[in-house]
Amino acid sequence: MAAKSKVPPPVDSLTRSQARVEHKRLALEIEAHNERYYQQDAPTVSDATYDALQRRLEAIEARFPDLVTASSPTQTVGAAPARGFAKVQHAVPMLSLGNGFSDEEVAEFVERIRRFLKLGADDIPAIVAEPKIDGLSLSLRYENGELVRAATRGDGFTGEDVTANVRTIADVPHRLNGHNIPTACELRGEVYMLKEDFLALNKKQQEAGDTVFANPRNSAAGSLRQKDVAITASRPLKFFAYAWGEMTDRPAGTQHDMLAWLKDVGFIVNPLIELCHSVDEVLAFYRRIGEQRATLGYDIDGVVYKVDRLDWQERLGFVSRSPRWAIAHKFAAEQAMTILRGIDIQVGRTGAMTPVARLEPVTVGGVVVQNATLHNEDYIRGVGNDGQPIRDGIDLRVGDTVVVQRAGDVIPQVVSVIIDKRPASAKPYAFPNKCPICGGHAVREEGEAVRRCTGALICPAQAVERLKHFVSRLAFDIDGLGEKQIQEFYDDGLVMHPVDIFTLRKRDTRATKKLRDREGYGEVSVRNLFAAIDARRGIELNRLIFALGIRHVGEGNAKLLARHYGSIESFRSAMTEAAAAQTDEGNDSEAYADLTNIGGIGDIVADAVVEFFAEPRNVKALNDLLEEIEVLPVAQARSDSAVAGKTVVFTGSLEKFTRDEAKASAERMGAKTSSSVSKKTDLVVAGPGAGSKLKDAGKFGVKVISEDEWLKLIEG
Ligand code: IVH
């Protein structure tokens, strides 16, 4: 099918929803290839094709990091070489834990134990409460005190031999020290990575163009299961011991004594573990740990309760694949408490200023969250544009303890503030009225929630987008200078402001790198580019005004302004006069009154134009540009063409040009365009797939022509 061989659009141009759809499709495709390659040993595509898919997925994830999920193929490549690891049979299976989420389930767990052991009414079994480390479990086999084998959990019965990798982890002793070392033992625990180490590693990976991981757990797993042990050695893996499998002799009779022994022989045992004597104590532990979670430095996804007496553990035994003597009390998956460390302002490509919460990193639903969108200043204030309270009307302050939520792959949200934990020194947040990027004035239009930077032409955050707009078809429309070239020239510092386009030739000396020596360029294409730029040194006023990228000034308003003012000089001087008179209360200048008197130009458009001219650097950018170009009067429609005065409707999918181009060509020829067919329509230009409009044309007896016939008509 033709669609398959189509070159995909640049990742930079994808909208969020396009990216999401493509991400899903790519992930499925890559997974299918993985299966054929790793499981069936029968790949159906070349490595290069596979790599290209993977790279595109990575590029999409780099641009939309919230699309990274734990199951994304980018998160599993580290694990892919696993097919090369030898299999290891665990002498005692590594089973999993039953889960509980509510206080009642925990109470029921203890009750069940008491019933099973037939304990008296006052006989509460001592319980060891441990944080549930979110890493991957490992079984270490020691014989005569020497580490002989390390294996992952695998399916619980058979794991992968990762002995060489594990020997690089500093927390894992190669030799057990101390007393009561059994002849043979399997000691177990969790490999994990500190959150800060994970973030630093991800940053490094991203800079090097390597896989970025969704969370510390994946990062630990990917780092451990490397064929190249040197890679594992370079990763900051850590290990907590908390359990065991086979033991030829057991050095202690209780869980907490066993943990003390593990510490004794050289392991690191989690320091937060406590021995509890009632359900209340156990639940208090759970809540305390929940509060500390954000500041622990490593991820936990709950706590684990274990009956302390090992003889009781043995009596209790297992139900299916989990012990009756232990339970995992999990934290609610998609919400977590953390601290709001700061609020940054991001400036988008259109000048929109979006506040972003900087959070103490916390894992929410399997992904480390350290930023969350705060939408706009009302959201921070806790009262919407419509006067409705947000978060019960509580504002957000730096230093606040907040609840962060993630649902599916949406951007994390700050859903509530724990007001009792607000530090006395926390101050209401003052939203900046200056752009943090260019220092330009930032304004909020009436009825709008967003504050925007007005430095359209000078703000680096907006520059590329403005330049792309500047050269777009309805603006300067320079042949050979499209979005791609603008991006390249901008990235290389060649074109930073509109005027730079027109000084490109002057600056194209051998001292820099000559354009013709750049990849993708040659003598001829550079000559053509310069000629195309020169051809646009004469530009109609309406196109110039549109090109400035002033908010709300589209093609139509640009024409209204151009027709009204007639020349760039009179437009500029009127707008500078109006800008000088602009205050928060309004504008009582004659120039402003004149502007709003133009039919079709309302207050919102007028204010946007005036704000643009109120920024002196915008005016300077315009003046610099005017040194290089000549402004022509508004394009006059031709009155002598075959279609002058006619009303034309375009329908169906046009193949020779876009709908906009078609309309523009019609207007240039003096025709009017309309989007619906009526008896006033003179001509319908129909491409393939035309539907109801074609029928209407039949109904009203309107002449229908093809795209080719239209071309002939306007060219003739
Ligand atoms: S005890 C027979 N203790 O949780 C069960 N597990 O869902 C022995 N985990 O596979 C496990 N912290 O990876 C235990 N303090 C802890 C733990 C812990 C994390 C993990 C472990 C296990 C999973 C079970």
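The values are calculated or read from the model by the stated rules, or taken from the named source; none is laboratory data. These numbers were taken from a predicted model, which means no experiment stands behind them. Counting neighbours? That spans all protein chains shown, and the Cβs are built from the backbone with ideal geometry, glycine included.
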### Query
For the stretch 260-304, what are the residues that are within 12 Å of the ligand (Cβ to nearest atom) and assigned to a loop (DSSP other than H, G, I, E, B)?
V269, N270, L272, I273, Y298, D299
### Query
When residues of the stretch 127-141 are filtered for being more than 6 Å from the ligand (Cβ to nearest atom) and either at pLDDT 95 or above or of a type in the set (D, E) (or both), how many remain?
9
### Query
Which members of the stretch 161-179 meet the condition of being outside any helix (DSSP H, G or I), away from the ligand (no atom under 15 Å from the Cβ) and surrounded by 15 or more Cβ atoms within 10 Å (Cβ to Cβ)?
D161, T168, I169, V172, P173, L176
### Query
Within the stretch 605-622, is even one residue of a type in the set (D, E, K, R), assigned to a loop (DSSP other than H, G, I, E, B) and surrounded by fewer than 17 Cβ atoms within 10 Å (Cβ to Cβ)?
no
### Subset of the stretch 80-139 (residues that are among the hydroxyl-bearing types (S, T, Y) and closer than 20 Å to Q255 by Cβ)
S96, S137, S139
### Task
Quick one: in the stretch 214-243, of everything that is assigned to a helix (DSSP H, G or I) and of a type in the set (S, T, Y), which residue is nearest to the chain's Cα centre (by Cα)?
S219
### Task
Looking only at the stretch 425-446, decide whether some residue is closer than 28 Å to D299 by Cα, touching a residue at least 12 places away in the same chain (Cβ under 8 Å) and of a type in the set (A, V, I, L, M, F, W, C).
yes
### Task
Of all residues in the stretch 148-157, count the ones that are more than 13 Å from G189 (Cβ to Cβ), within 15 Å of the ligand (Cβ to nearest atom) and more than 33 Å from the chain's Cα centre (by Cα).
3
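Residues are listed down the side, and each one gets a yes or a no for (1) touching a Ser or Thr at 6+ places or on another chain (Cβ under 9 Å); (2) within 30 Å of F571 (Cβ to Cβ); (3) aliphatic (A, V, I, L, M):
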position	(1), (2), (3)
V631	yes, yes, yes
F650	yes, no, no
S676	no, no, no
L713	yes, no, yes
### Query
Out of R659, R617, which single residue is in contact with a Phe, Trp or Tyr (Cβ under 8 Å, 6 or more places away or on another chain) and basic (K, R)?
R659
### Message
Condition (residue is out of contact with any Pro (no Cβ under 6 Å at 6 or more places or on another chain) and more than 14 Å from the ligand (Cβ to nearest atom)) applied to the stretch 316-331: is it met by at least one residue?
### Response
no
### Task
Output the residues belonging to the stretch 180-226 that are among the acidic types (D, E), at pLDDT 85 or above and away from the ligand (no atom under 15 Å from the Cβ).
E196, D197
### Message
So in the stretch 46-92, with the set limited to residues that are surrounded by 16 or more Cβ atoms within 10 Å (Cβ to Cβ) and in a loop (DSSP other than H, G, I, E, B), which one is modelled with the highest pLDDT?
### Response
H90
### Task
Could you check how many residues of the stretch 641-684 are more than 20 Å from E555 (Cβ to Cβ) and not small (G, A, S)?
11
### Message
With the requirement that a residue be in a strand (DSSP E or B) and in contact (Cβ under 8 Å) with a residue 60 or more places away in the chain, what does the stretch 143-160 give you?
### Response
R149, A151, T152, T158, G159, E160
### Query
Is there a residue in the stretch 349-366 that is of a type in the set (D, E), within 22 Å of the chain's Cα centre (by Cα) and either outside any loop (DSSP other than H, G, I, E, B) or surrounded by 14 or more Cβ atoms within 10 Å (Cβ to Cβ) (or both)?
yes
### Query
Which one is surrounded by the most Cβ atoms within 10 Å (Cβ to Cβ) among residues in the stretch 682-716 that are part of a loop (DSSP other than H, G, I, E, B), within 47 Å of the chain's Cα centre (by Cα) and free of Cβ contacts under 8 Å to residues at least 40 places away in the same chain?
A690
### Message
Just to be sure before I move on: is R250 touching a residue at least 60 places away in the same chain (Cβ under 8 Å) and either within 13 Å of the ligand (Cβ to nearest atom) or more than 20 Å from Y192 (Cβ to Cβ) (or both) in the structure I sent?
### Response
yes
### Task
Mind listing just one residue for me: the one in the stretch 99-111 that is in a helix (DSSP H, G or I) and within 16 Å of the ligand (Cβ to nearest atom) and, of those, farthest from I327 (Cα to Cα)?
E105
### Task
Output the number of residues of the stretch 369-408 satisfying the condition of being of a type in the set (D, E), buried (at least 16 other Cβ atoms within 10 Å of the Cβ) and out of contact with any strand residue (DSSP E or B) (no Cβ under 6 Å at 6 or more places or on another chain).
3
### Task
Among the residues of the stretch 305-337, write down those that are assigned to a strand (DSSP E or B) and under 20 Å from the mean Cα position of the chain (by Cα).
Q335, A336
### Message
Just checking, does the stretch 112-125 include any residue being assigned to a helix (DSSP H, G or I), within 16 Å of the ligand (Cβ to nearest atom) and touching a residue at least 24 places away in the same chain (Cβ under 8 Å)?
### Response
yes
### Query
Out of curiosity, is G145 within 16 Å of the ligand (Cβ to nearest atom) and touching a Lys or Arg at 6+ places or on another chain (Cβ under 8 Å)?
no
### Task
Hey, can you tell me all the residues within the stretch 305-315 that are free of Cβ contacts under 8 Å to residues at least 60 places away in the same chain, within 15 Å of the ligand (Cβ to nearest atom) and not polar (S, T, N, Q)?
E314
### Task
Determine whether the stretch 570-578 contains at least one residue that is touching a helix residue (DSSP H, G or I) at 6+ places or on another chain (Cβ under 9 Å), closer than 25 Å to A621 by Cα, in a loop (DSSP other than H, G, I, E, B) and of a type outside the set (A, V, I, L, M, F, W, C).
no
### Task
Could you tell me whether any residue of the stretch 633-643 is at pLDDT below 80, in contact with a Leu (Cβ under 9 Å, 6 or more places away or on another chain) and closer than 29 Å to L541 by Cβ?
yes
